[in-house]
Every structure is written in C-alpha cells, then in structure tokens.
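*Asks:* Right, I'll just put the structure down here and ask away after.
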Amino acid sequence: MPAFDHVPRPYAGPSAEEVLEKRRKFMNPAMFLYYKKPLNIVEGKMQYLYDESGKRYLDAFAGIVTVSVGHCHPEVVQAVIKQTELLQHTTTIYLHHAVADYAEALAAKMPGNLKVVFFVNSGSEANDMAMLMARLYTKSYDIVALRNAYHGMSPSTMGLTAHSTWKYSVPQGFGVHHVLNPDPYRGPFGADGKLYANDIANLIESATPGKVAGFFAETIQGVGGAVELAQGYLPAAYEIIRNAGGLCIADEVQTGFGRTGSHYWGFETQDVLPDIVTMAKGIGNGLPLAAVVTTPEIASVLAERLFFNTYGGNPVCSAAGHAVLKILDKEQRQQHCATVGNHLLARLRALQDKYELIGNVRGRGLMLGVEFVTDRVAKTPAKNETMMVMERMKDLGVLVGKGGRHGNALRIKPPMCFTLEDADFLVDALDHSLSTL
C-alpha cells in the first residue's frame, strides 16, 4: 500500500461485535452491510479509512461517492468548526451570510442561466423538488426516466428509480414512465445514442397525453453500475422532451463537481444544457447537503405558495459546501480526476485482456465500473464472483463498491484526492484477487 503520513488515534470504543449487536437491536433492519465480517470503521483521513485495530484501507468508494475532497480534509474541518462556534443553526426566515455566499459561489459554477439555488438535505429531496418544479412550471404531470436509473427512495423518487431492489410494494411515482436505457454494453443499439432516444418519442405518443412535465437522467448511472449513457443520447432526448413541452433535469448527485475529469458537470460530457440540475453527496464532503439549481423563470413557480426547508442552507453545512468548492479549485481536482482516471482506466482495460471474467470496463475520471460476467457472449452476470473479489480486495486493504441491476459491477469512485500510486495499488489488488478465484 502507498506510504501515507498519518497515525490513527488509539481506539477505545465498542468492538465491531458490540456495534453490530446494537445495530441489530436498535436500528433499521432493512440496512445492509458489506463483507462477511463487517468492518468497524473508526477514523478517516483523505483517501484512507482505519478500522478499530488501526488497519488502514484504501477507500475506493468514498462513502458511496459522497466524500469528494477527502475524509476529514483540514480545510473542511476548520470551516465546520469555525461556523459551529459562532452559530450552528438558524433558518431562512433570518438572514445569514454563509448560505447567501455559498449560493452565489455555487451559481457561479453553473452554465447558462442556471442561477437560482434551492438548498435541501439529500439527493432524494432534491429530485423530489425537481419533479415538483417541472410539474408546476409545465402544468403537465407525466415524467420520463431511464431504466437502470437510481434517483432516491422517497415515495416520489422511488417511482423514478428503476431497480426492483429499491422498490417497495406501495404506490409510488404516479405518472412516471421508464424508457430504454442507452447502455452501450448491454443495450440493443450499442453506442448509438440517437437510436435509443426514439423510445422516448414512442412512449410520449402511446403512454401520455402528448405532453410531459420532465425527463430525468444521470449521465453516468451510479447505483446502476457506472453505466455512461451512449454518446448522442442526451441531445436527442432533450429535443424530444422539449418538443413535448417538458423540462430536462440532470441528476448530478454522483457525477458533479469535476469527478468525471473531462468536465465539471456530467451533463457537459454530452454538450447539453438542462433546465434543472440536482446535486448532493460530494457537494458537502459527507455533510447532509444537497441542492437544486434552475433558472429564475422556473424557480418563480414555487413563489405561488410559501416554500420552506428547516435545514436547507444550514450555516454549518453551507460553510462546508463553500469550503468544498474552494478546495476543488485550489487543488485542481477536476484535472486530477482526469489524470488519475485515465491511468486507472487504461490499467483496468489491460486487466480485462487478462481475465475473461471482466466483461466491461467503463466510465470516466474517478467514476468507473468493472462488470463481471461468466460468459462474455451471453454477458451472464457473475454475481457470486463479484462478492468474492470484493472480499479478497478488502483483505488486501482495498474497499470498493458494487452495483448494477444484477449486483455484478465493481464501483470504483474514490475521494478525488486518490493518487496514481493508489490507482496502481487498487489494480494490483484486483489482479491478485482475480488470480486466486
């Protein structure tokens, strides 16, 4: 493992077994854990995590793509401490400079006329608000989303999500329709994005009144296994949606803030300009923060009534979010993601030539996926092998995520301070793990 100048503090808290017992007794029984023997993570520093014994792990999943600039980045920590000592919480019924300054800074990162910011607490809540805005503004109800998408687990966003794993048998997402996913690896039209977009036109003609409220898409599907939408899809899709009176909504919860390397926002990789953008996760480096950004015209529809969010724009979270923006610029993390991501992608593709189990390597920047199959022609999901690889990589000190509709894709989405040496260590650990199956 690469050298790292940090000594974890001695841990004197409850053991993994004790924490697990309390979790089973007092917490949500629907939660899941990675690994046969769950890890008790007690400290983090930049791209590394430490368990109760002080063992160091390379974090290649970033708290499910949530730690952007690094665990306990000193500048985020200091921003939080400074604001906490002054004022932990007030609401938008009073003025406070932290939220206004942050809104201005975030709006400056947006293209076009995307200049009005609404702060909320999570990606689900952000996507809920985007649905509400689209319906109010267009005075239509139907929403179009993609198969294999994940947009949250609230009653409304559960309807947008297109994985049975995340859906309960309750009424959800009325008026939401799912269209063919432009997946270059598994889709019927390969990498021809425009052909997939025809399904949207067919759906609007057959399943709606001919008008829609909006269209949601992640440019690289996160939970779906780092599936990057076929090039040319979003321009064609946006044109069809706008011709049907709808708004185009970009879910940047995982792809935003330079993680893709080539661009600051994921939607820019397809040269489109959305009407609404939702963001969360890396926006706050782990703090509960999310946002919806749109145009002044669209934002004005919420002024028909009072709108209020108790924690949206909390001063502490705003201070942290503003610090994240400054760090991303200061440390040139977008360019860093491009450099490290390109190196990592090349090494993973070389590994694909070595192992038949690797069916597909995809993504860009530090948002990558490796899909395992038992048969490259049939593309049979290798779910059990994926779990085995994850276990063996963990034993070697590397933590990765998994996703995809069949749970057979490694999700490699580390903190954006991940280095070239870290990338090499990850690939070496994956190589060794595959060689021992």
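The values are calculated or read from the model by the stated rules, or taken from the named source; none is laboratory data. Being a predicted model, the structure only gives us computed values, none of them experimental. Glycine gets a Cβ as well: all are built from the backbone with ideal geometry, and neighbour counts include every protein chain shown. We work out accessible area using only protein heavy atoms, side chains counted, and drop any ligands, DNA or RNA first. Shrake-Rupley method; radii C 1.70, N 1.55, O 1.52, S 1.80 Å.
*Asks:* Scanning the range 179-192 for residues that are touching a Lys or Arg at 6+ places or on another chain (Cβ under 8 Å) and open to solvent by 50 Å² or more (accessible area, probe 1.4 Å), which turns out farthest from Lys379 (Cα to Cα)?
*Replies:* Among them, the one singled out is Pro184.
*Asks:* For the range 142-178, name all the residues that are charged (D, E, K, R) and under 20 Å from Ile200 (Cα atoms).
*Replies:* Across the range 142-178, the qualifying residues are Asp142, Arg147.
*Asks:* Restricting the search to the range 204-227, which residues are open to solvent by 10 Å² or more (accessible area, probe 1.4 Å), farther than 15 Å from Arg242 by Cβ and either modelled with pLDDT under 95 or not in a loop (DSSP other than H, G, I, E, B) (or both)?
*Replies:* Glu205, Ser206, Ala207 - these are the residues of the range 204-227 that are open to solvent by 10 Å² or more (accessible area, probe 1.4 Å), farther than 15 Å from Arg242 by Cβ and either modelled with pLDDT under 95 or not in a loop (DSSP other than H, G, I, E, B) (or both).
*Asks:* Residue by residue through the range 156-169, note down the ones that are open to solvent by 70 Å² or more (accessible area, probe 1.4 Å) and either modelled with pLDDT under 90 or not in a loop (DSSP other than H, G, I, E, B) (or both).
*Replies:* Within the range 156-169, Ser164, Thr165 meet the criteria.
*Asks:* If you check every pair at least six apart or on different chains, which have Cβ atoms under 8 Å apart with a residue in the range 18-32 that is in the same structural domain as Val42 (by the TED database) first and a residue that is outside any loop (DSSP other than H, G, I, E, B) second?
*Replies:* As it stands, the answer is Met31/Arg23, since those pairs meet every condition given.
*Asks:* How do the pairs read when you match residues in the range 409-422 that are under 20 Å from Gly284 (Cβ atoms) with residues anywhere that are among the polar types (S, T, N, Q) and open to solvent by 10 Å² or more (accessible area, probe 1.4 Å), using Cβ under 6 Å and keeping only pairs 6 or more apart or on different chains?
*Replies:* From residues that are under 20 Å from Gly284 (Cβ atoms), the pairs are Pro414/Gln47; Pro415/Gln47; Cys417/Gln47; Phe418/Gln47.
*Asks:* Moving on to the next point. Test Pro315 against the criterion of being surrounded by fewer than 24 Cβ atoms within 10 Å (Cβ to Cβ), in the same structural domain as Val117 (by the TED database) and either touching a Ser or Thr at 6+ places or on another chain (Cβ under 9 Å) or of a type in the set (Ser, Thr, Tyr) (or both), and give yes or no.
*Replies:* Working: surrounded by fewer than 24 Cβ atoms within 10 Å (Cβ to Cβ): yes; in the same structural domain as Val117 (by the TED database): yes; either touching a Ser or Thr at 6+ places or on another chain (Cβ under 9 Å) or of a type in the set (Ser, Thr, Tyr) (or both): yes.
Yes; evaluated as a whole, the condition is true for this residue.
*Asks:* Taking the range 332-347, which residues are closer than 13 Å to Val427 by Cβ, hydrophobic (A, V, I, L, M, F, W, C) and crowded, with 19+ Cβ neighbours inside 10 Å?
*Replies:* Within the range 332-347, Val340, Leu344, Leu345 meet the criteria.
*Asks:* Name the one entry in Ala320, Ala338, Ala291 that is assigned to a helix (DSSP H, G or I) and not assigned by the TED database to the domain that holds Pro381.
*Replies:* Working: Ala338 fails: not assigned by the TED database to the domain that holds Pro381; Ala291 fails: assigned to a helix (DSSP H, G or I).
Every option except Ala320 fails the conditions.
*Asks:* Among the residues that make up the range 41-51, is at least one of them modelled with pLDDT of 95 or more, on the phi < 0 side of the Ramachandran plot, surrounded by 22 or more Cβ atoms within 10 Å (Cβ to Cβ) and polar (S, T, N, Q)?
*Replies:* yes
*Asks:* Still on this model: How many of the residues making up the range 104-126 are over 28 Å from Pro155 (Cα atoms) and in contact (Cβ under 8 Å) with a residue 24 or more places away in the chain?
*Replies:* Result for the range 104-126: 9.
*Asks:* Among the numbered criteria (1) within 15 Å of the chain's Cα centre (by Cα); (2) closer than 15 Å to Ala145 by Cα, which one does Gly256 miss?
*Replies:* Tallying (1) within 15 Å of the chain's Cα centre (by Cα); (2) closer than 15 Å to Ala145 by Cα, Gly256 fails exactly one: (2).
*Asks:* Filter the range 293-312 for residues that are β-branched (Val, Ile, Thr) and open to solvent by 20 Å² or more (accessible area, probe 1.4 Å); which is nearest to Gly112 (Cα to Cα)?
*Replies:* In this case the residue turns out to be Thr295.
*Asks:* Collect the residues in the range 352-383 that are surrounded by fewer than 18 Cβ atoms within 10 Å (Cβ to Cβ) and closer than 30 Å to Phe257 by Cα, keeping them in residue-number order.
*Replies:* Within the range 352-383, just Gln352 meets the criteria.
*Asks:* Name the residue that is surrounded by the fewest Cβ atoms within 10 Å (Cβ to Cβ), counting only residues in the range 240-275 that are hydrophobic (A, V, I, L, M, F, W, C) and more than 30 Å from His73 (Cα to Cα).
*Replies:* Leu273
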